[in-house]
Structure formats: structure tokens, C-alpha cells
Amino acid sequence: IDIYSLHVNCKVTSRFAHTVITSKIANHANESREATFEVELPKTAFITNFSMSIDGKVYPGIIKEKVSAQKEYDTAVSSGQSAGLVKIAGRKLEQFHVSVSIAAASRVTFELRYEELLKRQLGKFELLIKVRPKQLVKHFQIDVHIFEPQGIRFLETDSTFMTNELNEALTKVQNETKAHILFKPTVDQQKINPELNETLLNGDFVVRYDVKRGATAGDIQIVNGYFVHYFAPRELPVFPKNVIFVIDRSGSMAGRKIEQTRDALLKILQDLRPEDQFSFITFNSRVAEWKSSLLQATAENVASAAGFVQTLSASGGTDINRALLTAVSVLDKAERLPERSVSMIILLTDGQPTSGESNVEVIQENIQKAVNGKYALFCLGFGFDVSYKFLEKMALSNGGIARRIYENADAALQLQGFYQEVATPILMKIEMQYPENAIEGLTKNNFKLFFEGSEIVVSGKISNELDLLPVEIKAQSHSSDLTLKEEANVKEKEQVFQNQSYIFGNFIERLWAYLTIQQLLEKSISAQEEDQKTLEAQALELSLRYSFVTPLTSMVVTKPAGQQQAELANKPTEAG
């Protein structure tokens, strides 16, 4: 079986990435053989299409409602094929894997398409392409085209497998608003050494970039009546933070996990700003406060905290409920908190609640009542014994987010990286306002907090014949209340994309659908049961209309007669 061609073609237009992976395989044996197509794609992406073509006949994947697809193909599932074609593969990726039997001297072409909105983190967008052909490929090529009308501020490529020879196969061409990256190594360049037919290509190929930002009220782009508005202010003063770290020290944290937690906390302590206030609560079946109130992050207090962190050891049960309620009461009792400051609780746990209140619904209710919208709760789930669903619901119900920390060598870096994302709040109570009667299907347009290095994205459909789209942004910064205004000339904005040959026409509409589905699914996590059904129904309708494989849809992959007839590609979620 010979993979004679493998192409990754990626077009990024104004952060929206559309990737097509095409693999061509020939069977040179004189009997039939299994041909396998295995790709890893970002978890944040939605698959939009997959097809196999064997000797000129095309077998397309068909996207259906997940529930009905599973009923329909129960027979296939019961014959031991229940694993599905997509599974989580590590922290950032999921793996799509399909095999088909092809006759002697036959060829098959596999094609997978997926789309995602690149998310700005710590000041950059990242496009991740996983490269793992497992054999030398005669025609191997990665093509990345980027078009950013705001202008490209910087662009870098990075890879975990580059050598000097492979570097010669990489070219970058870029001007003010466009970039083209081509990676096209010859078979000789792919080899680990000239004698061995083994490939060097195994790992990540990453493109990172950021755009130029001029206008204070962000940047508006319009195509075919849909708009997207990007807002990422910079150089604003940072709000002081009042942070309580709530750290699980139950028995299951013993060993490497508590060591990595200590390492991360020591680094995070160094990152606190002098105007921040902080404290620690540690818990197993008992809850212990390091100090009874918040302390200013002076050099002396930070040093004393570092001493405390170094003594952390792990044993006993897990009382998440009392630990979080204690954290809330420390913030409630705190005196002299700066009027304009951001209060947050960061929970790190690796298990289920086993001590005290162990009913997750009751815990969620208790915490939501206590927090009452005053503070942001971030939940970090360490490893796979946590109930991620519980942590995610709790975080989303209390203005924060959840993140899984993978038990790898870099767990301390993952913890630190998460802290850096939330370390610099520069705006709060952000409202993005548009003319009410002129916009339909507006995505989320008010945000509790904005962290430096991230980006706010709002999208919608301009309903009537609008010539000018006025926008107004209201927000609080550390020093003042801001009102920013901007007017976008619809015709002029539409012009920007008119003559771009490699842009997929309705990309802002697809971006709007992608963002709307993501937000509906996220909202449904913390919603009441009846609202949940409505939100999921809306997300399902959009997933089907725009053909996205989301947690509510399945792609049915059909194969030639005589082979296992249908397999399902489902979207795995972090909560399992």
C-alpha cells in the first residue's frame, strides 16, 4: 500500500480556516489490501465533508442528526463497530480514522474537509496541522494561504520535526494582507537518513500570526449580508485581581500531580502583580485556609506563599463543596477591595467530590447561589478521573471557563499557560451594541471580562438594505467608563473581499454559523432542562443546514458493497 500523494490545503480568511486534506493511495499488491486514512485535526474544528473515491466511484459521507443516525446504524454498531471514526487524541487534537479494502492494482482518494474559527490566545492566532504520514510520500505538500484585510502584523512557522534539509522545503511569501506558506519536501528530504526508508515527518506543523489593529472600536468585515466584528483593544491599564486558588490535596493528587501543581503555583506567584490580592485554600476531606483573608501580593507575602506552596502534600478525600463555599466567603468578607478590580476563584481538582456534599447538582446549586454573579469561577480538571461535565457546568454558570489539564510532562506549563490567559483583565462589562431592527441572529454581544491577548468576536446578519452599520461599544476600564463608536460602510466593506480568488464565498456566513453553534452548545451546558432542548434544537438545525459534524450530528461513511456498510463519525467532547 503506497500513499503516493498527501496534500493539506488550508485557507484562512479573516481568522476562519477551511482545511482540505487529500490522500491518494495505490495498492501495488496482487491481492486486495486495507487502505487507511488517519488524520488528526483540532478539537475546535468541525468536520464538514468526507469522501472516498475508489476507481472513479465516489462514496460521500452524509451528515445526519446523531440520534437518528445511531438508530439507523445500530446494526453496524452491534457487530462490534461501536468505536466510531473519531476519538480524542491528546490535549488539542482528535483523530479521524477510516479504512477501506481496495482491490489489487486499485487506487483510492480520501478527502476530509474541516473548518474552524481561529481563537486569539496570548496575542496570537495558531493554526495547527498534525503531520504523520508514517511512510515516505512521493508528492507531499502543505499549502497555507492567509488573507487578513486588517493586515498581518507578524507571521511565524514552527515545527517539531524540522531539520536543515526540511527547512529548504519551506517557503513563505507575504505582503501587507496576504501570506502563502508552502512546505513541499522531496522524498530524500523526508528521510531520517539516506539508507533508511523512514520518514522524519512526524509531529506538529504550526503557523502563528497576529493582525494589525488600528481603529479603537475594532474591525468590521462584511460579505453577502453577514458581518463579523473583531474587538481586541490593547495598551489599557490592567485591573487589580483578587484571586483565590482552591487546590485539591486529596490522596489521588499524591506524587507527580501535586509536584506539578507546586511547580506551577510557584511560577504563578511570580506572575502576580503588586496591586493584586491573593490567598490559598487547600482541601481534602478538610478545608484549610492558608490565611484567613486576602493578602496584597508584596514581595514578602509572595515569598511567604512560596514557602507554603512547597509544603503541599496530598492525602484524604475531596470536599469540593466546602472548599468553594469557603473561597466565596473569603471574597465576601474581604474589606478594602479596590472598587475597580476583578475577583476570581481558580479551582484545581483531580477527582469527584467524595467528602461532605457529594451530589454534584446540589454542589452546583450551592455555588451558584453563593457566587451570585459577583465573581468568576475557573475550574481546572486534572486528568481523567474528574467529572469534567460537572466542572464545566459550574464554571460556565459562574462567568468562567473549565479546562482539562492533561497528565503529561508539561502539566505545570498547562497550568501556568491557563493562568497567563486570565492574568490580565483590562475591560469588564463589555456591551457590543448594533441597531436592533437591522440585525438578525446576533451572536453573544455582552461579555463580563476581556483579557489582554484575547479577542471578542460578534457576528450577525444585516437584515435590511443598510448603507451604514453603526456600532457602539460600552465597557469599563480600570481608569474610566468607555464608549467607542464606529460606522462601517457596507458597500465598501463588501468590496474588500470581491476580487480575492481563493476565498470561499460565504465564509462570514459559515463563520457566523460556526460561532452560533459553539455558543448554543456552551449555553446549553449550564441551562435548565427545557431551555437545553430549545438550544440544542437550534444548534442541530444549524449543524445540518451548514453540514457541520458537531456533538449533535453524525456523519455516515458508506463503503463499497461487501464491506462493513456504514460507520459513524461523531464529534467527541471533552466531557465524554
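The values are calculated or read from the model by the stated rules, or taken from the named source; none is laboratory data. Given the structure is predicted, the values throughout are model-derived calculations rather than measurements. Cβ sites come from the backbone with ideal geometry, for glycine too, and all protein chains shown count toward neighbours. Remember, those area values only see protein heavy atoms, side chains included, never the ligands or the DNA or RNA. Shrake-Rupley method; radii C 1.70, N 1.55, O 1.52, S 1.80 Å.
A 1.4 Å probe over all protein chains sorts L269, L468 by accessible area into L468, L269, starting with the largest. The simple spin-label model puts a point 7 Å past each Cα toward its Cβ; for S304 and A537 those points are separated by 5.8 nm. Centre-to-centre separation between the Cα atoms of the stretch 298-356 and those of the stretch 459-533: 37 Å. Once backbone amide H atoms are built at 1.01 Å from N, F161 has D204 as its partners under 5 Å, excluding neighbours fewer than 5 places away on the same chain. Normalised by 2.2 N^0.38 Å, with N the number of residues, the alpha-carbon radius of gyration of the chain equals 1.04.
For the stretch 241-423, what does the convex hull of the Cα positions come to per residue, in cubic angstrom? Each step should come with its number before you reach the end.
Values: hull volume 17.9 nm³, N = 183.
Each residue corresponds to 98 Å³ of Cα convex hull volume.
Among complete DSSP H helices in the chain, those whose alpha-carbon atoms stretch at least 18 Å along the helix's long axis and whose mean Kyte-Doolittle hydropathy reaches -0.5 are 320-333, 507-525. Beta bridges per DSSP, both residues in the stretch 241-423: antiparallel share near 15 percent.
What does the charge add up to near Q189, with Lys and Arg as +1, Asp and Glu as -1, over the other residues with Cβ less than 14 Å from its Cβ? Net charge in that neighbourhood comes out at -1. Coupling constants for the stretch 60-65 follow from the phi torsions by the Karplus curve (6.51 cos²θ - 1.76 cosθ + 1.60, θ = phi - 60°), and in residue order they are x, x, 10, 8, 9, 5 Hz; glycine and proline get x.
Estimated from helices alone, the mean residue ellipticity of the chain at 222 nm is -7000 deg cm²/dmol (sum of -39500 (n - 2.57) over DSSP H runs with n ≥ 4, per residue).
For the peptides 86-96, 11-21, 525-535, the ranking by mean Cβ contacts within 10 Å, running from highest to lowest, is 11-21, 86-96, 525-535. With Cα atoms as the point set, the stretch 163-317 shows a radius of gyration and Dmax of 25.2, 67 Å.
Magnitude of the Cβ-charge dipole of the chain, K/R +1 and D/E -1, about the Cα centre, nearest 20 debye?
Details: 63 positive and 71 negative charges, 61 e Å.
Here the size comes out at about 300 debye.
Which whole-number value in Å² is the accessible area per residue of the stretch 241-423, probe 1.4 Å? Kindly include the intermediate steps, with their values, before the conclusion.
Values: 7360 Å² over 183 residues.
Ligands and nucleic acids excluded, the figure is 40 Å² per residue.
The spread of Cα positions in the stretch 357-487, taken along each principal axis and listed from longest to shortest, comes to 54, 31, 28 Å.
Close amide H contacts of R120 (hydrogens built in the peptide plane, cut-off under 5 Å, sequence separation of 5 or more or a different chain): E455.
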